[in-house]
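Please read the structure below before turning to the comments.
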Amino acid sequence: MTTPDDHPHGPVHAPGSLRCLECGEPARTVPPRDWPLDGFASRPVASHHDGTPLCPVPGPNGSRPADPIGVPARLTMWQAVRQSWLIHPGWTVADHLGWLDDEGYDTGTLAGDPAEVVGRWLAEHRRAAPVASLADDPRVYVVAGGDMVAVFDSADEADMMAVTMTAAHLEPVSRCLTEAQWEQAHAVLRAQLPHVTVTDARPTRAAGAP
């Protein structure tokens, strides 16, 4: 008799057992809430339950977020609205209702008018959202355009680079990150976009440092 662990495709995981391959913490099939490479690299498809990217794992082209293992549980409707709001904070109630319908959720089972219920949930999510602070971590200003990414420790210098890229019709994307966020973003850039040139213009970094 074949046991689950003898299955040729690996062990069978119970629904809701999705975990980070590296740290073993619970994971979900929702992109990270904060992704420092927005605009010039796609978000990973999974994240930890607190909204952070899965732990980095080494690969042939550098580190990248781990792939989840296990089988995800289906979110409740309230959880689904919360997760879609974290990813798309600008969505309207109608956007959320349309997304729920597309995902097969029956909004007719809600106790009350679906638009009013979802609107109340969104108001609660916004009210309870933590305010992010970079005060305790040095800021890193990243400007990306075309095949170039430039890094600064001054917002003014980053703005000047963005103006220069705009003049060159490169449609720059600017981000203010923590040092930890930039280190993770840099690793993903090396892994997913090795052709991109990264220039670290911070005076605290030696020229040519990785």
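The values are calculated or read from the model by the stated rules, or taken from the named source; none is laboratory data. Keep in mind it's a predicted model, so treat the numbers as computed, not measured. Every residue, glycine among them, receives a Cβ derived from its backbone with ideal geometry; neighbour counts consider all protein chains shown. Side chains included, ligands, DNA and RNA excluded: accessible areas come from the protein's heavy atoms. Shrake-Rupley method; radii C 1.70, N 1.55, O 1.52, S 1.80 Å.
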(request) Express in nm, to one decimal, how much length is gained between Val45 and Asp159 on full extension, taking 0.36 nm for each residue of separation and deducting their alpha carbon distance. (result) 38.0 nm
(message) Could you report the accessible area of Leu86 in Å², rounded to 10, computed with a 1.4 Å probe on the protein chains as they sit in the structure?
(response) 30 Å²
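Let me make sure I get this right: for the stretch 150-210, a, b and c are the square roots of the gyration tensor eigenvalues over alpha carbons, sorted descending. Under 1.5 in a/c it's rounded, otherwise prolate if a/b > b/c, else oblate. Which is it? All intermediate terms of the calculation are to be shown ahead of the outcome.
Details: a/c = 1.64, a/b = 1.23, b/c = 1.33.
Oblate is the answer for the stretch 150-210, as a/c is 1.5 or above yet b/c matches or exceeds a/b.
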(request) Estimate the FRET efficiency between Asp113 and His88 by the formula 1/(1 + (r/R0)^6), using the beta-carbon distance for r and 35 Å for R0, to the nearest 0.05. (result) 0.95
